[in-house]
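K.L.:
Got a structure for you, questions after.
The values are calculated or read from the model by the stated rules, or taken from the named source; none is laboratory data. All values derive from a computational prediction rather than experimental measurement. Here the Cβ positions follow ideal geometry from the backbone for every residue, glycine too, while neighbour counts run over all protein chains shown.
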Amino acid sequence: MAMEFKLEATDSSARAGELATSHGRVQTPAFMPVGTRASVKAVAPDDLRNIGAQIILSNTYHLSLRPGIETVQRLGGLHRFMAWDGPVLTDSGGFQVFSLGHLRRLNEDGVRFRSHLDGSEQYLSPELAVEYQEALGSDIAMVLDHPPAYGESDEEVAAATERTHRWAERCRRAQRNPEQALFAIVQGGWSEELRRGSAEFLASLDFPGYAIGGVSVGEPKALAYRAVEHSVAALPSNKPRYLMGVGSPEDLVTCIGLGIDMFDCALPTRVARNGGLFTAEGRLNLRRAKYAGVSDPVEAGCDCYTCRTFSAAYLHHLLRADELLYHRLASIHNLRFVLRLLEQARKAIIEGGFGTFAERFLGAYRVQNEEARLAQKDKWLEARRARGLDDLDPKHGKED
RNA sequence: GCAGGGGUGGGUGAGUGGUUAAAACCGGCAGACUGUAAAUCUGUUGCCUGACGGCUACGUAGGUUCGAAUCCUACCCCCUGCA
């Protein structure tokens with residue numbers, strides 16, 4: 001069956017709906033745990049089910065390099081390969097091609113780039129992106145887009161946005177499998193005009209769903225929120241709207257309020273692995289010595305397996321001792337936190353109380369200072385570059 | 001007992017006369033992570049002070065020197081080989 005989207009309720013700009021795919025239904029707003037390489041890091045499909053995950057995301061770029069699209073196809077497709085029978089959305093790989101490759105060569109036809117694994121030359125075009133995703137068998141595929149990096153000039157952003165439009169049309173033409181829903185991606189950087197124009201143009205092509213891309217690339221939050229607003233303003237209300245790469249608790253609630261239906265984000269699981277756990281009051285750093293003797297769970301009242309079973313002190317110990325179990329337990333907690341947050345948001349929207357819900361949540365959830373945040377991020381990137389970790393030279397590409 | 005090697009900050013361990021409060025790694029403390037090349041990365045980590053600066057430190061005690069973790073003497077302890 002082809003994907004269907006039904007809008008069930010709205011509360012101001014916030015929306016509640018349902019996405020029906022051949023692998024099951026997804027209630028929106030929905031969060032998709034990220035399983036880049038056909039695995040949501042540290043958690044098994046059973047865990048995902050228990051957490052309440054309805055749909056997950058995987059990545060065409062990574063799977064094409066390893067183990068290879070053909071391999072996955074030969075082994076029964078992505079669902080079978082990773083033993084996840086629920087809906088799957090695959091990202092086209094556009095994001096990786098542009099964020100990872102300084103050695104890429106771009107022309108209107110497609111992108112030539114070097115594999116970060118072995119330096120081999122690779123090629124991706126709109127047609128190939130569709131072909132690969134059809135071979136993987138995901139329920140929702142993304143068009144190949146050109147997401148500009150943060151800080152690119154207006155001309156570059158405009159060019160990338162227009163290229164994204166042309167590529168969207170080509171992806172659409174390349175589609176062979178009507179069962180797979182193909183989502184277009186709005187670009188346009190931080191310009192209201194470009195955002196709106198991008199959304200309008202893509203809307204005119206009548207895709208089954210629309211994503212907003214180019215956000216969460218190191219910009220201040222206010223810019224991202226505005227870009228979302230400007231994009232949403234020109235998108236049709238009867239199609240799902242997917243905000244790519246967004247997923248901190250405060251961003252989720254804020255962007256649901258702006259009319260977003262779907263999200264994916266590596267943040268909850270990555271932060272979990274490094275000691276950051278979400279609570280209603282904000283993110284805590286479980287590494288801190290103050291948790292060494294805490295017999296209560298990480299978050300009182302949390303319904304996740306981790307909090308129902310283990311003390312904060314135990315998790316703290318696992319984290320400090322580098323025990324692998326920590327990754328699973330922490331990931332379960334953060335994913336459940338986010339998923340529950342969206343369940344609550346959905347309920348509030350249906351009941352007409354989303355505004356109060358959002359206000360209450362955002363009032364209680366402490367967010368870190370943005371300047372410090374962005375500064376630390378820059379330092380991180382600088383350090384990576386200094387160590388050659390962001391160099392495409394294959395001899396540096398082995399770690400992961 | 002003889003011969004040889006060695007004793008450095010919470011740990012491992014560099015350092016052989018000044019630029020050494022002492023590399024590096026671990027540990028500790030604080031922070032970052034947003035379509036995952038991330039079990040990663042940043043800062044900090046003797047004591048006192050807001051800072052300038054001061055104080056105490058490289059087994060112990062003396063000594064040489066303008067200046068010592070670095071050289072000399074004695075002592076204590078550890079390791080290896082031979083008795």
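K.L.:
Checking the condition among the acidic types (Asp, Glu) and farther than 29 Å from A:Asp46 by Cβ, which residue from A:Glu323, A:Glu299, A:Glu359 passes?
P.N.:
On the way: A:Glu323 fails: farther than 29 Å from A:Asp46 by Cβ; A:Glu299 fails: farther than 29 Å from A:Asp46 by Cβ.
Exactly one of A:Glu323, A:Glu299, A:Glu359 is among the acidic types (Asp, Glu) and farther than 29 Å from A:Asp46 by Cβ, namely A:Glu359.
K.L.:
Hey, another quick one. If I ask for residues that are crowded, with 17+ Cβ neighbours inside 10 Å, closer than 23 Å to A:Gly52 by Cα and among the hydroxyl-bearing types (Ser, Thr, Tyr), which ones from the stretch A:270-310 would you list?
P.N.:
Of everything in the stretch A:270-310, those that are crowded, with 17+ Cβ neighbours inside 10 Å, closer than 23 Å to A:Gly52 by Cα and among the hydroxyl-bearing types (Ser, Thr, Tyr) turn out to be A:Thr279, A:Thr306.
K.L.:
Continuing with this model, one more query. Is one or more of the residues making up the stretch A:139-150 crowded, with 16+ Cβ neighbours inside 10 Å and over 20 Å from A:Ser99 (Cβ atoms)?
P.N.:
Yes, there is a match, as at least one residue in the stretch A:139-150 is crowded, with 16+ Cβ neighbours inside 10 Å and over 20 Å from A:Ser99 (Cβ atoms).
K.L.:
Could you say which residue among A:Ala44, A:Ala38, A:Ala14, A:Ala20 is away from RNA strand B (no atom under 16 Å from the Cβ), surrounded by fewer than 23 Cβ atoms within 10 Å (Cβ to Cβ) and at pLDDT 95 or above?
P.N.:
On the way: A:Ala44 fails: away from RNA strand B (no atom under 16 Å from the Cβ); A:Ala38 fails: away from RNA strand B (no atom under 16 Å from the Cβ); A:Ala14 fails: surrounded by fewer than 23 Cβ atoms within 10 Å (Cβ to Cβ).
Result of the check over A:Ala44, A:Ala38, A:Ala14, A:Ala20: A:Ala20.
K.L.:
Moving to a separate point now. Give me the strands (runs of 3 or more DSSP E) completely within the stretch A:100-177, filtered to those with at least 3 residues that are on the phi < 0 side of the Ramachandran plot and over 22 Å from the mean Cα position of the chain (by Cα), ordered by residue number. If you could, list the steps in order and put the result at the bottom.
P.N.:
Numbers: elements: A:111-114, A:121-124, A:140-142.
Passing ranges, in order: A:111-114, A:121-124.
K.L.:
Could you tell me whether any residue of the stretch A:47-56 is closer than 25 Å to A:Leu258 by Cβ and not hydrophobic (A, V, I, L, M, F, W, C)?
P.N.:
yes
K.L.:
Something else now. Quick check on the stretch A:346-376: of everything there that is among the hydrophobic types (A, V, I, L, M, F, W, C) and within 16 Å of RNA strand B (Cβ to nearest atom), which residue is modelled with the lowest pLDDT?
P.N.:
Residues of the stretch A:346-376 that are among the hydrophobic types (A, V, I, L, M, F, W, C), as a first pass: A:348-350, A:354, A:357-358, A:361-362, A:364, A:367, A:372, A:374-375.
Checking which are within 16 Å of RNA strand B (Cβ to nearest atom) leaves us with A:361-362, A:367, A:372, A:374-375.
Details: A:Phe361: 98, A:Leu362: 96, A:Val367: 87, A:Ala372: 74, A:Leu374: 81, A:Ala375: 77.
Within the stretch A:346-376, the match that is modelled with the lowest pLDDT is A:Ala372.
K.L.:
Look through the stretch A:47-64, keep the residues that are assigned to a strand (DSSP E or B) and of a type outside the set (A, V, I, L, M, F, W, C), and return whichever of them is nearest to RNA strand B (Cβ to nearest atom). Explain how you work it out, then say what you get.
P.N.:
Filtering the stretch A:47-64 down to residues assigned to a strand (DSSP E or B) leaves A:56-59.
Imposing the further condition that a residue be of a type outside the set (A, V, I, L, M, F, W, C) reduces the set to A:58-59.
Details: A:Ser58: 8, A:Asn59: 4 Å.
The selected residue is A:Asn59.
K.L.:
Inspect all residues belonging to the stretch A:85-96 and state whether any of them is buried (at least 22 other Cβ atoms within 10 Å of the Cβ), in a strand (DSSP E or B), on the phi < 0 side of the Ramachandran plot and in contact with a Cys (Cβ under 7 Å, 6 or more places away or on another chain).
P.N.:
no
K.L.:
With A:Glu134, A:Glu121 as the choices, which residue is at pLDDT below 95, touching a Lys or Arg at 6+ places or on another chain (Cβ under 7 Å) and of a type in the set (Asp, Glu)?
P.N.:
Values: A:Glu134 fails: at pLDDT below 95.
The unique qualifying residue is A:Glu121.
K.L.:
Here's another thing I want to ask about it. Name the residues in the stretch A:15-29 that are of a type in the set (Val, Ile, Thr) and out of contact with any helix residue (DSSP H, G or I) (no Cβ under 8 Å at 6 or more places or on another chain), would you? Show your work before the answer.
P.N.:
To start, the set of residues in the stretch A:15-29 that are of a type in the set (Val, Ile, Thr) comprises A:21, A:26, A:28.
Hits for the stretch A:15-29 are A:Thr21, A:Val26.
K.L.:
Taking the criterion of being more than 30 Å from A:Gln344 (Cβ to Cβ), of a type outside the set (A, V, I, L, M, F, W, C) and in contact with a helix residue (DSSP H, G or I) (Cβ under 8 Å, 6 or more places away or on another chain), would at least one residue in the stretch A:1-14 satisfy it?
P.N.:
Step one: of the stretch A:1-14, the residues more than 30 Å from A:Gln344 (Cβ to Cβ) are A:2.
Subsequent filtering for residues that are of a type outside the set (A, V, I, L, M, F, W, C) retains none.
No; the residues of the stretch A:1-14 include none that is more than 30 Å from A:Gln344 (Cβ to Cβ), of a type outside the set (A, V, I, L, M, F, W, C) and in contact with a helix residue (DSSP H, G or I) (Cβ under 8 Å, 6 or more places away or on another chain).
K.L.:
Six or more apart or on different chains, Cβ under 8 Å: which pairs go from a residue in the stretch A:154-167 that's under 17 Å from A:Val143 (Cα atoms) to one that's modelled with pLDDT of 95 or more and in a helix (DSSP H, G or I)? Could you list them?
P.N.:
A:Thr161/A:Leu194; A:Thr161/A:Gly197; A:Thr161/A:Ser198; A:Thr164/A:Ser198; A:His165/A:Ser198; A:His165/A:Phe201; A:His165/A:Leu202; A:Trp167/A:Pro126
K.L.:
Can I ask one more? Mind checking which residues of the stretch A:277-304 are under 15 Å from A:Pro249 (Cβ atoms) and in contact (Cβ under 8 Å) with a residue 24 or more places away in the chain? Steps first, answer last, please.
P.N.:
Residues of the stretch A:277-304 that are under 15 Å from A:Pro249 (Cβ atoms), as a first pass: A:277-284, A:298-299, A:302, A:304.
Listed by number, the residues that qualify are A:Leu277, A:Phe278, A:Thr279, A:Ala280, A:Glu281, A:Gly282, A:Arg283, A:Val298, A:Glu299, A:Cys302, A:Cys304.
K.L.:
Okay, next question. When you scan the stretch A:151-172, do you find a residue that is surrounded by 22 or more Cβ atoms within 10 Å (Cβ to Cβ), within 10 Å of RNA strand B (Cβ to nearest atom), more than 17 Å from A:Leu106 (Cα to Cα) and at pLDDT 95 or above, even just one?
P.N.:
Scanning the stretch A:151-172, I find no residue that is surrounded by 22 or more Cβ atoms within 10 Å (Cβ to Cβ), within 10 Å of RNA strand B (Cβ to nearest atom), more than 17 Å from A:Leu106 (Cα to Cα) and at pLDDT 95 or above, so the answer is no.
K.L.:
For A:Phe357, indicate whether it is assigned to a helix (DSSP H, G or I), in contact with a strand residue (DSSP E or B) (Cβ under 7 Å, 6 or more places away or on another chain) and of a type in the set (Phe, Trp, Tyr).
P.N.:
Working: assigned to a helix (DSSP H, G or I): yes; in contact with a strand residue (DSSP E or B) (Cβ under 7 Å, 6 or more places away or on another chain): no; of a type in the set (Phe, Trp, Tyr): yes.
The answer is no for A:Phe357.
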